[in-house]
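The values are calculated or read from the model by the stated rules, or taken from the named source; none is laboratory data. Quantities reported herein were computed from a predicted structural model and do not represent experimental measurements. Cβ: placed from backbone, ideal geometry, glycine included. Neighbour counts: every protein chain shown. Please note that ligands, DNA and RNA were not included when accessible areas were found on the heavy atoms of the full protein model with its side chains. Shrake-Rupley method; radii C 1.70, N 1.55, O 1.52, S 1.80 Å.
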Amino acid sequence: MVPQARDTDILILGAGGAGLFAALHAHKAAPELSITVAVKGLLGKCGCTRMVQGGYNVALAKEDSIERHFMDTIEGGKWLPDQDLAWKLVTLAIERIHELENELGCFFDRNPDGTVHQKAFAGQTFDRTVHKGDLTGIEIMNRLAEQVWARRIQRLEEHRAVELVKSADGSSIAGVLFIDMRTGEYLFVRAKAVLLATGGGPTMYRYHTPSGDKSCDGLAMALRAGLSLRDMEMVQFHPTGLLAGTHTRMTGTVLEEGLRGSGGYLLGGDKQRFMPNYDPKAERATRDFVSRAMFSEIRKGNTTPHGGLYISMAHLGPERVRKEFKGMVERCADCGFDLAGGLVEVVPTAHYMMGGVEFAADCTTSLPGLFVAGEDSGGVHGANRLGGNGVANSTVFGAVAGDAMAEWVRKHGRLSSPAELDTGSYERPFSLPRGDIEAIREKLYDTMWERVGIIRDAAGMKRALGELDALDAELDKTGIGTQARAFNLSWHDWLNLKSLVSVSRVITQSALAREDSRGAHYRDDFPDTSSLEASAFTSIKADGRVTMKPVTFTRVRPGQSLLQHAA
Ligand SMILES: Cc1cc2nc3c(=O)[nH]c(=O)nc-3n(C[C@H](O)[C@H](O)[C@H](O)COP(=O)(O)OP(=O)(O)OC[C@H]3O[C@@H](n4cnc5c(N)ncnc54)[C@H](O)[C@@H]3O)c2cc1C
């Protein structure tokens, strides 16, 4: 099928915090350039930035400091973060939060004295999380989308990027191939600079929190384009995903951390507390510890009717729970649970990928003209992301990418002829006999949850690699049984699974290569953390070979702190 074609100066893939900040900054830096935002869903309505509940980490208070935010990020990331990226995150978060309030029109919660209210979030030594109630992401996304709509920025909504296309000589990016989901036709957009900001999203696990439009497409495209991904074994699980059966999409969605923070108990199927047996901090331990303890109880078979565990809040007083956690009480009631007075079934749920495309502090990648920002990028968080550092990451580096792309296009930008465009691999499911895509998805969920999830070992992961190869082969024989192209969701499910299987493979290969346990990555066969001083991160390409690259401690070494030098 011959694609339609059009040209733009700057092409942005994804319309979350990273994509929209990039669009606004590129437009401000170079208003003469044409900018196009292309997105799988509707601009402003899709992706995970909209789902941000808790808030945005930033060192605003006099008693806090960027050094303290930096040290929390490095120690939380178990010394794997790239220190220059982490430094950029904590310093520029201050500029971005001021921009969000003073230029873009966000209203965050305030203290009686007019200062911005900042709340506590796990793993931080200071209460620095800026928020708008527990709907922070909606406030940020609504204001960003309005500002984008108000400017001369082109939009390609319901356009799914399927391939990063290099120039004919292979030396740079030439543009991106899309499927217009509304018609099923192909579109090739030629561009001088392209931003990958499709938001990762570990939706290959049985229980997961990210939005349904995220299927790791960006990471799969980056692999095919020859880029390296780092830290791919680092998948963060949130301990309390709602477990309400297979009939509802509410299963897997997050019940916020504040429930455990304020004194909620986790109970096994026998209705007894188990966390004190695992960690002295019990339910208040960090996400990775709690998820691991929960997974161990589930493996022992001490489970609820749906195969999870319970959270219990009633001992805190139902009235207090109703008042403090109104949204959570309503969410549980929608699924037939009484959070304030009864028990709610929960399960750890895949939440965030710390890994992603290797990139430099100006968001450039190894492919000239291709930039990356947000959850598609790797290296900012290392082995663990602090709650509140996710949206800071996407907005900070989205803005950096916008500025950098504007400068790049002014200095070097040219439209290149693309390498040959081939739509054959995406057309495949139209010509194959109809099969059961849902069954393939279920098998993928089982493989990733059981063997490459919260507790891993070599035998399980080797088995997983065999299962992933078999699933890929099965997909290649599975058709969708229809020729309709417009809004063909079975076709897009097939494409989603292709991306998810390919990224599941690199998660598994990276996890096999890391023979220690740290942060989100825990191996039963290598339970100890190896020397922090010799910290190295995994770097993987599409051929599956993993290189361990040493972390360069550019600002602080393990055992040291920047805090004694802080103001
Ligand atoms: C339930 C939930 C709660 C969270 N709470 C917090 C919190 O309190 N604090 C915090 O810091 N972080 C939180 N996070 C994490 C945070 O949401 C992310 O780190 C951040 O928003 C990611 O921004 P992004 O721009 O990279 O991606 P997203 O905002 O996810 O945007 C990705 C965009 O890419 C588009 N896209 C995907 N595939 C394609 C394709 N093939 N072609 C074109 N477009 C594509 C999507 O449609 C979407 O528009 C939370 C996440 C979840 C799921």
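Can you find even one residue in segment 350-362 that is within 27 Å of residue 21 (Cβ to Cβ), surrounded by fewer than 23 Cβ atoms within 10 Å (Cβ to Cβ), modelled with pLDDT of 95 or more and of a type in the set (A, V, I, L, M, F, W, C)? Yes, that holds for at least one residue.
The residue that is nearest to residue 427 (Cα to Cα), among those in segment 189-202 that are within 14 Å of the ligand (Cβ to nearest atom) and not aliphatic (A, V, I, L, M), is 198. The residues of segment 1-37 that are more than 16 Å from the ligand (Cβ to nearest atom) and open to solvent by less than 10 Å² (accessible area, probe 1.4 Å) amount to a single one, 30.
Within segment 283-324, the set of residues being assigned to a loop (DSSP other than H, G, I, E, B) and either at negative phi or open to solvent by less than 20 Å² (accessible area, probe 1.4 Å) (or both) comprises 285, 286, 302, 303, 304, 305, 306, 308, 313.
Per the listing 502, 417, the residue uniquely open to solvent by 10 Å² or more (accessible area, probe 1.4 Å), under 21 Å from residue 221 (Cβ atoms) and within 26 Å of the chain's Cα centre (by Cα) is 502.
Taken together, the residues in segment 219-255 that are crowded, with 24+ Cβ neighbours inside 10 Å and among the hydroxyl-bearing types (Ser, Thr, Tyr) amount to 1.
A single entry from 40, 78 fulfils the requirement of being open to solvent by 30 Å² or more (accessible area, probe 1.4 Å), within 15 Å of the ligand (Cβ to nearest atom) and either in a helix (DSSP H, G or I) or touching a strand residue (DSSP E or B) at 6+ places or on another chain (Cβ under 8 Å) (or both): 40. Among the residues in segment 94-106, are any open to solvent by less than 10 Å² (accessible area, probe 1.4 Å), touching a residue at least 60 places away in the same chain (Cβ under 8 Å) and in contact with a Phe, Trp or Tyr (Cβ under 6 Å, 6 or more places away or on another chain)? No, there is no match, as no residue in segment 94-106 is open to solvent by less than 10 Å² (accessible area, probe 1.4 Å), touching a residue at least 60 places away in the same chain (Cβ under 8 Å) and in contact with a Phe, Trp or Tyr (Cβ under 6 Å, 6 or more places away or on another chain).
Cβ-Cβ distances below 8 Å connect the following pairs, each with a first residue in segment 386-403 that is within 14 Å of residue 370 (Cα to Cα), a second residue that is among the acidic types (Asp, Glu), and a separation of six or more residues or different chains: 400/362. Within the option set 392, 360, being closer than 17 Å to residue 90 by Cα, more than 9 Å from the ligand (Cβ to nearest atom) and either assigned to a loop (DSSP other than H, G, I, E, B) or not polar (S, T, N, Q) (or both) holds for one residue only, 360. For segment 325-343, the set of residues classified as in contact with a helix residue (DSSP H, G or I) (Cβ under 8 Å, 6 or more places away or on another chain) and open to solvent by 70 Å² or more (accessible area, probe 1.4 Å) consists of 338 only. Within the option set 138, 179, being within 14 Å of the ligand (Cβ to nearest atom) and open to solvent by less than 10 Å² (accessible area, probe 1.4 Å) holds for one residue only, 179. Among the conditions (1) touching a residue at least 60 places away in the same chain (Cβ under 8 Å); (2) over 19 Å from the mean Cα position of the chain (by Cα); (3) open to solvent by less than 20 Å² (accessible area, probe 1.4 Å), residue 69 misses just one, which is (1).
Listed here are the residues, each with its yes/no results for (1) aromatic (Phe, Trp, Tyr); (2) at pLDDT 95 or above; (3) closer than 19 Å to residue 397 by Cβ.
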{"site": "60", "(1), (2), (3)": "no, yes, no"}
{"site": "69", "(1), (2), (3)": "no, yes, yes"}
{"site": "73", "(1), (2), (3)": "no, yes, yes"}
{"site": "76", "(1), (2), (3)": "no, no, yes"}
{"site": "90", "(1), (2), (3)": "no, yes, yes"}
{"site": "95", "(1), (2), (3)": "no, yes, yes"}
{"site": "131", "(1), (2), (3)": "no, no, no"}
{"site": "140", "(1), (2), (3)": "no, yes, yes"}
{"site": "146", "(1), (2), (3)": "no, yes, no"}
